[in-house]
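Written out below as structure tokens is the structure these notes cover.
The values are calculated or read from the model by the stated rules, or taken from the named source; none is laboratory data. In this text the structure is predicted, and so the values were computed from the model without any measurement. Reconstructed Cβ throughout: ideal geometry from the backbone, glycine too, with neighbour counts over all protein chains shown. Calculation scope for accessible area: heavy atoms of the full protein, side chains included, ligands and nucleic acids excluded. Shrake-Rupley method; radii C 1.70, N 1.55, O 1.52, S 1.80 Å.
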Amino acid sequence: MIKGRHYRTGADITVSLKEPAIAGIRKGGGGPYLAPGIVDLQVNGFRGLDFNTLPVPEDLPGNVTRELWSEGVTSYYATVITNAPDAIEACVHAIAQACKRDPDAGAGIAGIHLEGPFIAPEDGPRGAHDARHVTAPDWKKFQRWQKTAGGRIKLITLSPEWPRSAAFIKRCVDSGVTVSIGHTAASVEQIRYAVAAGASMSTHLGNGCHLVLPRHPNYIWEQLAQDALAACIIADGFHLPDSVIKAVMRMKGPNAMLASDAVYLSGLKPGKYTTHIGGEVILTDDGRLCLAKNPRLLAGSVQMLIRSVEHLIRAGLTDPGEAWEMASTRPAMAMRLAAGRGLETGAPADLAVYHRELDRITLLETWKGARRVWKR
């Protein structure tokens, strides 16, 4: 048994483990700290392993899951982005089959995040998504993908600017799928209709949008003003200025959370890469990923959430406790995962053990379902 205190809330916890207790958990000081495992709502791939490159090897989802343990990630949403209909179907099928075969994949992949193809078609809001495959929401097409995925599509990012988007959103929500607004050029009215239909989240708010927007109204202001929308942000130091992160956190409060949007180039060396989705991209020495043809446009992220937590602390945007919650319990609660209920007595908990020196976090151990799965 481990008896300790949650490093921020101070709530007493007792967690049953299958291995000897983690030593050295303290109530204060520099750690080591015991905290909930990281929950990432948007993982496209990691360390050269891509959920969007066909054919998806049968062992890839499990391998991604095991690689992510070294980043403290205990649950995540495998993200499939805009592509041809048959390609999307093949991707979600491969992920679903892997979750059946591989216990690690089945436990770690909390669901599939379908990011597209029902997004804005124009440059800017579309981001690095392939314009050839962007299309209006289609319920029959989505049902086909969901059947192939065995019901594992739990989160969908779309733009409500398309005709009859509200009806599509309602069907998704009624079927248990969380709808997030993103890659959008929607009007204020269209966003309001989407929220009324059940949309409850914003995908990487402030990114996947035009380089220049009207002062007001615009789709960022409207999403910020909608209390029913939780806001996911990428706080890697590149996607958003600190002032914008601060504003989002102030307006959304406990409904502000982190997502990585990590692509398969995360963990690889800097350089120029050719992807089947965004074409040529450049990964810089400092960890910024952008389109080669337009360096002002980002092509996803290569920073994992533990680095975003560091950035929030380093920039003085919040304290370490809230920063960690934004990467763990908040996204879990938004997606109604068991991990979002906190650390319960006797629970087979998902945990991260780390040491913190000022704004630098060093992960020491990761526990999944009360089993230590990674140790430094």
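Worth pointing out:
- Within the set H216, H210, H204, H239, the sole residue that is part of a loop (DSSP other than H, G, I, E, B), in contact with a Cys (Cβ under 7 Å, 6 or more places away or on another chain) and either buried (at least 21 other Cβ atoms within 10 Å of the Cβ) or not β-branched (V, I, T) (or both) turns out to be H204.
- Residue within region 5-20 that is open to solvent by 60 Å² or more (accessible area, probe 1.4 Å), at pLDDT below 85 and over 25 Å from R376 (Cα atoms) present: yes
- Filter result for C99 (crowded, with 22+ Cβ neighbours inside 10 Å, at pLDDT 95 or above, touching a helix residue (DSSP H, G or I) at 6+ places or on another chain (Cβ under 7 Å) and of a type outside the set (D, E, K, R)): yes
- Lone unmet requirement of (1) modelled with pLDDT of 95 or more; (2) open to solvent by 10 Å² or more (accessible area, probe 1.4 Å) for K27: (1)
- Inside region 123-163, residues that are farther than 21 Å from I220 by Cα, of a type in the set (G, A, S) and open to solvent by less than 20 Å² (accessible area, probe 1.4 Å) make up a count of 1.
- Screening E115 on (1) modelled with pLDDT of 95 or more; (2) open to solvent by 50 Å² or more (accessible area, probe 1.4 Å); (3) within 23 Å of A185 (Cβ to Cβ); (4) not aliphatic (A, V, I, L, M) shows it passes everything except condition (2).
- Restricting region 242-262 to residues that are assigned to a loop (DSSP other than H, G, I, E, B) and in contact with a Ser or Thr (Cβ under 7 Å, 6 or more places away or on another chain), the residue that is surrounded by the fewest Cβ atoms within 10 Å (Cβ to Cβ): D261
- Checked against the criteria, S187 does not count as at pLDDT 95 or above and within 29 Å of G108 (Cβ to Cβ).
- The one condition in (1) under 17 Å from Y76 (Cβ atoms); (2) in contact with a Phe, Trp or Tyr (Cβ under 8 Å, 6 or more places away or on another chain); (3) of a type in the set (G, A, S) that G300 fails to fulfil: (2)
- Of all residues in region 278-322 being touching an Asp or Glu at 6+ places or on another chain (Cβ under 6 Å) and part of a loop (DSSP other than H, G, I, E, B), the one that is farthest from G206 (Cα to Cα): A292
- Of the residues making up region 76-85, one or more are open to solvent by 40 Å² or more (accessible area, probe 1.4 Å) and more than 28 Å from G321 (Cβ to Cβ).
- Checking region 335-353 against the condition returns a match, with at least one residue being at pLDDT 85 or above, over 19 Å from the mean Cα position of the chain (by Cα) and closer than 18 Å to A35 by Cβ.
- Residue in region 177-196 that is among the hydrophobic types (A, V, I, L, M, F, W, C), touching a Lys or Arg at 6+ places or on another chain (Cβ under 7 Å) and buried (at least 19 other Cβ atoms within 10 Å of the Cβ) present: yes
- Close contacts from region 265-281, counting a first residue that is within 10 Å of R47 (Cα to Cα) and open to solvent by 60 Å² or more (accessible area, probe 1.4 Å) and a second that is assigned to a strand (DSSP E or B) and at pLDDT below 90, with Cβ to Cβ under 8 Å and a gap of 6+ residues or different chains, come to none at all.
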